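Enquirer: Questions regarding the structure given below will be posed in turn.
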Amino acid sequence: MSKERLSAFTDAILAIIMTIMVMELKKPEAADWASLLALKSDFFSYAVSFFWLGAMWVNIHNQWSKVEKIDNRVLWWSIIMLFFASFFPYVTSFVSDHFTSLFAQMLYSVVVICVSLSNMALGRAVARANGSMSALDYSSRKIVAADLIIKAIGIVLAIFVYPPITMFAVILAGCVVTFLPHIVNRKNKKRGEIDAV
């Protein structure tokens with residue numbers, strides 16, 4: 001199987017997941033601003049999930065430009081990652097209905113962490129299939145460690161401070177995973193230019 005076929009499959013599944021999430025959004029009870037504002041936790045949960053999945057999609061496609069080969073391990077880790085991602089419409093709707101519930105926020109966090117861990121395993125499988133442990137930026141230990149540490153801190157703060165903090169941790173972790181590789185690459189390029197001089 002070519003990597004393009006797997007990429008197309010991943011694109012299709014993520015597009016379906018994101019479409020289902022928007023279809024799950026509740027409609028306001030009346031056509032006024034107060035009714036729309038009453039759904040703020042629904043829209044916030046949707047936005048966090050949509051942009052987190054979107055950031056994951058962007059990172060996968062940026063990183064997969066370096067990939068030349070895939071194998072059965074890559075295929076199965078992709079399936080496992082998409083399996084966990086398919087829970088996003090369910091947990092997003094659930095957390096919207098019970099926004100301040102610790103249980104709902106923990107369930108949401110479990111899905112996010114399962115997607116992150118399976119995505120990390122996918123990155124390592126791709127690296128092995130291509131003969132390089134640095135084939136994907138996401139598999140970089142520092143980036144993965146930062147991602148998981150931020151989510152773990154979010155969970156601890158949710159338990160002891162305020163349950164929705166987990167969603168803010170997801171936003172922060174998504175930003176770190178999206179932008180940290182670019183910052184590291186810029187520093188490495190500058191370091192390489194300095195070394196060349």
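The values are calculated or read from the model by the stated rules, or taken from the named source; none is laboratory data. If you're wondering where the values come from, they're calculated on a predicted model, not measured in any experiment. Positions of Cβ are backbone-derived with ideal geometry, glycine not excepted, and every protein chain shown enters the neighbour counts. The protein model used for the area step is the full one, side chains on, heavy atoms only, and it has no ligands, DNA or RNA in it. Shrake-Rupley method; radii C 1.70, N 1.55, O 1.52, S 1.80 Å.
Enquirer: Do the conditions hold for Trp33, that is, is it aromatic (Phe, Trp, Tyr), out of contact with any Ser or Thr (no Cβ under 7 Å at 6 or more places or on another chain), open to solvent by 20 Å² or more (accessible area, probe 1.4 Å) and more than 18 Å from Val95 (Cβ to Cβ)? So that I can check it myself, show each step before the final result.
Expert: Details: aromatic (Phe, Trp, Tyr): yes; out of contact with any Ser or Thr (no Cβ under 7 Å at 6 or more places or on another chain): yes; open to solvent by 20 Å² or more (accessible area, probe 1.4 Å): yes; more than 18 Å from Val95 (Cβ to Cβ): yes.
Taking the combined requirement at face value, the residue satisfies it.
Here is a yes/no grid of residues against (1) part of a helix (DSSP H, G or I); (2) of a type in the set (Phe, Trp, Tyr); (3) within 17 Å of Ile155 (Cβ to Cβ); (4) open to solvent by less than 40 Å² (accessible area, probe 1.4 Å):
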| position | (1), (2), (3), (4) |
| --- | --- |
| Arg73 | yes, no, no, no |
| Ser78 | yes, no, no, yes |
| Met81 | yes, no, no, yes |
| Phe84 | yes, yes, yes, no |
| Val95 | yes, no, yes, yes |
| Ala104 | yes, no, yes, yes |
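Enquirer: Mind checking which residues of region 49-71 are β-branched (Val, Ile, Thr) and surrounded by 17 or more Cβ atoms within 10 Å (Cβ to Cβ)? Talk me through it step by step, then tell me what you get.
Expert: The initial filter retains those residues of region 49-71 that are β-branched (Val, Ile, Thr), namely 58, 60, 67, 70.
Within region 49-71, Ile60, Val67, Ile70 qualify.
Enquirer: Continuing with the same structure: Are any of the residues in region 72-81 more than 14 Å from the chain's Cα centre (by Cα) and in contact (Cβ under 8 Å) with a residue 60 or more places away in the chain?
Expert: Checked region 72-81: at least one residue is more than 14 Å from the chain's Cα centre (by Cα) and in contact (Cβ under 8 Å) with a residue 60 or more places away in the chain.
Enquirer: Related question: Assess whether Leu6 counts as being open to solvent by less than 20 Å² (accessible area, probe 1.4 Å) and more than 16 Å from the chain's Cα centre (by Cα). Working first, answer last.
Expert: On the way: open to solvent by less than 20 Å² (accessible area, probe 1.4 Å): yes; more than 16 Å from the chain's Cα centre (by Cα): yes.
Yes.
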